[in-house]
Amino acid sequence: MAYSGIVPAYQRRGIYGAFLRAFLPYLHALGYERVTSNHMVNNRLVLIAKLKAGFFITGVTLDERYGAQVTLTHFFYPDRRTGFARAYSVEDYSGAPDYRGLLTN
C-alpha cells in the first residue's frame with residue numbers, strides 16, 4: 001500500500017478503517033499472500049487503524065529521506081502468520097509482543 005491518505009478535515013471519522021475493511025478482502029480474493037506498508041513512526045492514526053485491521057509490526061527502518069519508518073504487514077493466510085510467529089516471537093517477558101496466539105489459528 002503506497003500513498004494513501006485522508007484529507008485532514010475528514011480524519012477520525014472511520015473512513016480509513018472502512019477503506020481497509022473493503023480493500024483487504026479484495027486483495028485476498030485476488031490471491032495476495034500479504035500486504036506491507038511503511039509509515040512514519042509518529043503517524044499514530046494510520047498505525048492504530050492498521051493494527052486494528054490485523055496488521056503486525058514486522059520491521060523498523062531508518063530512511064535518509066523520511067527518517068524512522070515502521071513496516072506493517074497483513075498476512076492473509078494462517079500459515080503465513082504462523083511462520084512469522086515462529087520465526088520472530090521472543091520469550092515472554094515484560095514488554096515483549098506475544099504472537100503465540102497466532103500459532104493456534
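Bear in mind these aren't lab numbers, they're just calculated from the coordinates by the rules spelled out. Note that the structure is a prediction, hence the values are computed from the model and not measured. No Cβ is skipped: glycine too gets one built from the backbone with ideal geometry, and neighbour counts run over all protein chains shown.
Tabulated data
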{"item": "Order of HIS28, HIS39, HIS74 under a 10 Å beta carbon neighbour criterion, fewest first", "result": "HIS28, HIS39, HIS74"}
{"item": "The range 26-82 - percent relative contact order, Cα under 8 Å, separation 6 or more", "result": "43"}
{"item": "Surrounding net charge for HIS74, when Lys and Arg each add one and Asp and Glu each subtract one, Cβ distance under 11 Å", "result": "+3"}
{"item": "Burial ordering of LEU72, LEU47, LEU62, fewest other beta-carbon atoms within 10 Å first", "result": "LEU62, LEU47, LEU72"}
{"item": "Binned Cα-Cα distances of the range 28-83, short to long, each 10 Å bin given as a whole percent", "result": "23, 48, 25, 4"}
{"item": "Cβ-based net charge around LYS50, under 14 Å, with every Lys or Arg adding one and every Asp or Glu removing one", "result": "+4"}
